[in-house]
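The values are calculated or read from the model by the stated rules, or taken from the named source; none is laboratory data. What you are looking at is a predicted structure, and each value in this text was computed from that prediction instead of being measured. Neighbour counts run over all protein chains shown; Cβ positions are idealised from the backbone, glycine included.
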Amino acid sequence: MFTGSLRETKEEEVTLGLQEPRIFPIECRTIGQIAVSDDLNVPSEQDVFHSLMSWIQHDPAIREKHIPELLALVRLLLMQPSFIMDHVESVCASNECQQLVMEALKWHLLPERRSLISSERTKPRKSTVGKLLAVGGMDAHKISGRWEKYVCPSLTVRVAVMNDKLIIVGGRDGLKTLNTVESLDLNTLAWAPLNPMGTHRHGLGVAVLEGPLYAVGGHDGWSYLNTVERWDPVARTWNYVAPMFSMRSTAGVAVLGGRLYVVGGRDGSVCHRSIECYDPHTNKWTMRTPMNKRRGGVGVAVAHGFIYALVVMIALPAIPQFVAQIRSSVMIPVLIPGP
C-alpha cells in the first residue's frame, strides 16, 4: 500500500507493495516517479522489480513497451547475479534492457572497475542501506555479548557476511581460545551453530572469496599460526588449504581481483610489513610488494581497486588500570598489484 504521495508529501515514506492491486491503475509516469525515489520503502530491489513486473502484467499489451524505461529505474547492480540471470534477463528482449543487464553483471564481475560505472543505480535506497552490527568485545572489565540469543560471548572474534547470514568465527571467551563458529540469520535474527574449525584461533582474519569463507592465521592459545582453513557453505565442512609463508596474528585480510590478500600482522617476535596473496584456483600463496612500515593489528578495506590499511596507534598510561587510549588514527593507502 502507499503511506503517502511521493509528490505531495516528500517527508512521508512511499511503499510499493508486491502485487498490490492499488498500483495497477496508475499511469506509467507516476509509477516511474515512485520507482526512482530514494524514499521508496522496500526491503530490497528485488521487490521493486517484482512490483513493476506485476504492474506490466496487469495490461501487458499496452504496458510491455515501458519495460526498458522502468527497468532503468531499478537498481539492478544491487541485486545478486543469480537473481538477474533467473528473473531479469528473461524480460529483456530489447537492446536497452540487455545493456542494463550487462552493466549489472560487469559490476559484479569487475569490482575493481566499479568507480568507472558508478551511477544512481549503484546508490542504495534509504530502506535498503543495511544493518550495522557490533559483536562481542569488552564491556568495562567483562566480555560483552549483548544480544539475548548470542550464546557464546567472546572478544577478538572475527565476522563475515555470507548469503544474508552473519558468521561469527573463533575468538576468546576470557579463559580459552575458541574454534566455534556461529551464524546469525539477518532476516530472522535467529542464531545457529555451525561446524567448528579444525584449529582454535583468536586474532585471526576472515574473508569471503568466491563463495567459501577463509579463516586465516591467528593464535591458538599457545603459538602463532600460518595455517588457513576454508568453510564450504554447500558441504558445510572446514578444510585446510595451503599455509602462508609466515605466521600471522592480527593481520588484515581483504579480497581484491579474485585473490585473498593478507597484510601485516605479528608473529610474537616482530610485526610484519610483508603481504601474501592467495589464489584459490591454484591453492598457492605468492609474496607481494611489502608495505613501507611494519604493522600489527592492522585493519584493511578495499575501495576502487586499492587496499587501504588503517592503523590506530595506542599508548598505555602508567596507571594500574592499564587502560588503552587512542593517540592518533592514520589511514595509509596501500596499492596491491593485480594478478
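For this structure, a couple of remarks:
- Enumeration of residues in the range 200-240 that are within 23 Å of His272 (Cα to Cα) and of a type in the set (Gly, Ala, Ser): Gly203, Gly205, Ala207, Ala215, Gly217, Gly218, Gly221, Ser223
- Residue among Val48, Val88, Val74 that is part of a loop (DSSP other than H, G, I, E, B), within 26 Å of the chain's Cα centre (by Cα) and not aromatic (Phe, Trp, Tyr): Val74
To keep it simple, each residue is scored yes or no on (1) touching a Lys or Arg at 6+ places or on another chain (Cβ under 6 Å); (2) of a type in the set (A, V, I, L, M).
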position: Met162; (1), (2): no, yes
position: Trp191; (1), (2): yes, no
position: Leu204; (1), (2): yes, yes
position: Gly218; (1), (2): yes, no
position: Val241; (1), (2): yes, yes
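- Residue in the range 97-111 that is on the phi < 0 side of the Ramachandran plot and outside any helix (DSSP H, G or I) present: yes
- Residue that is nearest to Pro60 (Cα to Cα) [pool: residues in the range 91-115 that are hydrophobic (A, V, I, L, M, F, W, C) and more than 23 Å from the chain's Cα centre (by Cα)]: Val91
Here's the yes/no breakdown for (1) closer than 29 Å to Asn195 by Cβ; (2) exposed (fewer than 13 other Cβ atoms within 10 Å of the Cβ); (3) modelled with pLDDT of 85 or more:
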| site | (1), (2), (3) |
| --- | --- |
| Asn239 | yes, yes, yes |
| Pro243 | yes, no, yes |
| Gly252 | yes, no, yes |
| Gly297 | yes, no, yes |
| Val311 | no, no, no |
| Pro317 | no, yes, no |
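A quick yes/no check of all residues on (1) in a strand (DSSP E or B); (2) modelled with pLDDT of 95 or more; (3) of a type in the set (A, V, I, L, M, F, W, C):
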position	(1), (2), (3)
Pro193	yes, no, no
Pro196	no, yes, no
Thr199	no, yes, no
Gly211	no, no, no
Tyr214	yes, yes, no
Gly221	no, no, no
Asn226	no, yes, no
Glu229	yes, yes, no
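- Residue in the range 169-176 that is touching a residue at least 12 places away in the same chain (Cβ under 8 Å), within 17 Å of the chain's Cα centre (by Cα), crowded, with 17+ Cβ neighbours inside 10 Å and not assigned by TED's automatic domain parsing to the domain that holds Pro81 present: yes
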